[in-house]
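In what follows, a single structure is set out as structure tokens and then discussed.
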Amino acid sequence: MSAVTEPTPPAPTPPGAPAYAELAATIIQTRQQFGPKRLHEPGPSDAQIQAFFLAAAAAPDHGQILPWRFVVVPGDRRDALGEVFAAALRERDPNADDHALAEARDKAHRGPFLALAIVREHADGHPEIPAQERLVSLGCAIQNILLIAHANGFGAGLVSGQALDTDGMRRLFGLRDGERAVCFLAIGTVQHRKPIRPRPRPEEFVSRL
């Protein structure tokens with residue numbers, strides 16, 4: 001007879017919850033977007049990277065279907081990614097010169113930590129969970145990573161581009177049927193921080209039914 005698994009009790013409200021709320025608000029309000037060119041060594045440690053992905057795992061996930069994943073690009077695979085970027089540029093512009101192709105390849109080497117965010121939009125037996133809800137779940141996972149990276153003193157940013165939709169990108173990252181590359185996530189140390197951009201006021205994006 002198999003053992004009965006007891007349900008996990010709900011987590012208690014942390015002591016000093018108002019102080020936690022204030023800290024969380026500060027982390028959220030001071031987070032900034034940094035392009036990979038501004039992200040330098042040192043990058044996050046293995047333990048910190050593990051913490052980033054544990055934060056991602058706390059994102060909302062309707063049905064617990066895990067409709068997204070991340071693929072980390074280590075240093076010894078950056079050249080392969082650079083060739084995909086160069087090939088994508090050639091597809092868009094057959095007249096691209098050597099300088100432009102070198103710039104495309106160089107993009108793969110920016111940021112000490114780099115990962116591709118991938119969403120599974122369909123083809124998994126859960127048609128009741130639409131593509132937009134899956135994408136929102138991925139967005140929450142990414143935001144969790146951005147916030148915990150910021151809390152650890154790193155800069156981070158999201159990068160997209162036309163190369164994401166190419167066959168070369170799909171082959172390099174082994175994208176499956178129903179999957180789509182959404183963006184790259186870069187994390188590193190920022191040497192010179194910029195002023196925080198003005199945030200929109202709630203009345204600019206909130207209304208009542």
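Structure above, values below:
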{"quantity": "Cross-chain or 6+ apart pairs with Cβ under 7 Å, region 41-55 first and in contact (Cβ under 8 Å) with a residue 60 or more places away in the chain and farther than 15 Å from residue 112 by Cα, then assigned to a helix (DSSP H, G or I) and open to solvent by 50 Å² or more (accessible area, probe 1.4 Å)", "calculated": "51/148; 55/148"}
{"quantity": "Residue 164, sole failed condition from (1) under 13 Å from the mean Cα position of the chain (by Cα); (2) open to solvent by less than 70 Å² (accessible area, probe 1.4 Å)", "calculated": "(1)"}
{"quantity": "Residue 171 vs. criteria assigned to a loop (DSSP other than H, G, I, E, B) and either crowded, with 16+ Cβ neighbours inside 10 Å or not small (Gly, Ala, Ser) (or both)", "calculated": "no"}
{"quantity": "When residues of region 85-110 are limited to those that are of a type in the set (Asp, Glu) and in a loop (DSSP other than H, G, I, E, B), the one surrounded by the most Cβ atoms within 10 Å (Cβ to Cβ)", "calculated": "93"}
{"quantity": "Only listed residue being free of Cβ contacts under 8 Å to residues at least 60 places away in the same chain and touching a helix residue (DSSP H, G or I) at 6+ places or on another chain (Cβ under 9 Å), chosen from 175, 209, 135", "calculated": "175"}
{"quantity": "Unique residue being among the aliphatic types (A, V, I, L, M) and at pLDDT 95 or above when the list is 17, 3, 59", "calculated": "59"}
{"quantity": "Residues of region 46-60 that turn out to be open to solvent by 50 Å² or more (accessible area, probe 1.4 Å) and not in a helix (DSSP H, G or I), as a count", "calculated": "3"}
{"quantity": "Given (1) outside any helix (DSSP H, G or I); (2) modelled with pLDDT of 95 or more, number of the condition residue 204 does not satisfy", "calculated": "(1)"}
{"quantity": "Close pairs from region 82-107: first over 13 Å from residue 162 (Cβ atoms), partner buried (at least 20 other Cβ atoms within 10 Å of the Cβ) and aromatic (Phe, Trp, Tyr), Cβ under 8 Å, at least 6 apart", "calculated": "105/85"}
{"quantity": "Any hit, region 187-204, residues being on the phi > 0 side of the Ramachandran plot and loosely packed, with under 11 Cβ neighbours inside 10 Å", "calculated": "no"}
{"quantity": "Restricting region 180-201 to residues that are assigned to a loop (DSSP other than H, G, I, E, B) and of a type in the set (Lys, Arg), the residue that is farthest from the chain's Cα centre (by Cα)", "calculated": "201"}
{"quantity": "Any hit, region 140-154, residues being farther than 28 Å from residue 22 by Cβ, open to solvent by less than 20 Å² (accessible area, probe 1.4 Å) and touching a residue at least 60 places away in the same chain (Cβ under 8 Å)", "calculated": "no"}
{"quantity": "Candidate set from region 65-84 (those that are open to solvent by 40 Å² or more (accessible area, probe 1.4 Å) and aliphatic (A, V, I, L, M)); member that is nearest to residue 35 (Cα to Cα)", "calculated": "72"}
{"quantity": "Some residue of region 121-130 being in contact (Cβ under 8 Å) with a residue 60 or more places away in the chain and surrounded by 12 or more Cβ atoms within 10 Å (Cβ to Cβ)", "calculated": "yes"}
{"quantity": "Region 23-75: number of residues that are among the charged types (D, E, K, R) and in contact with a His (Cβ under 6 Å, 6 or more places away or on another chain)", "calculated": "1"}
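The values are calculated or read from the model by the stated rules, or taken from the named source; none is laboratory data. Predicted model, so just to flag it, every value in this text is computed and none were measured. Neighbour counts run over all protein chains shown; Cβ positions are idealised from the backbone, glycine included. Please note that ligands, DNA and RNA were not included when accessible areas were found on the heavy atoms of the full protein model with its side chains. Shrake-Rupley method; radii C 1.70, N 1.55, O 1.52, S 1.80 Å.
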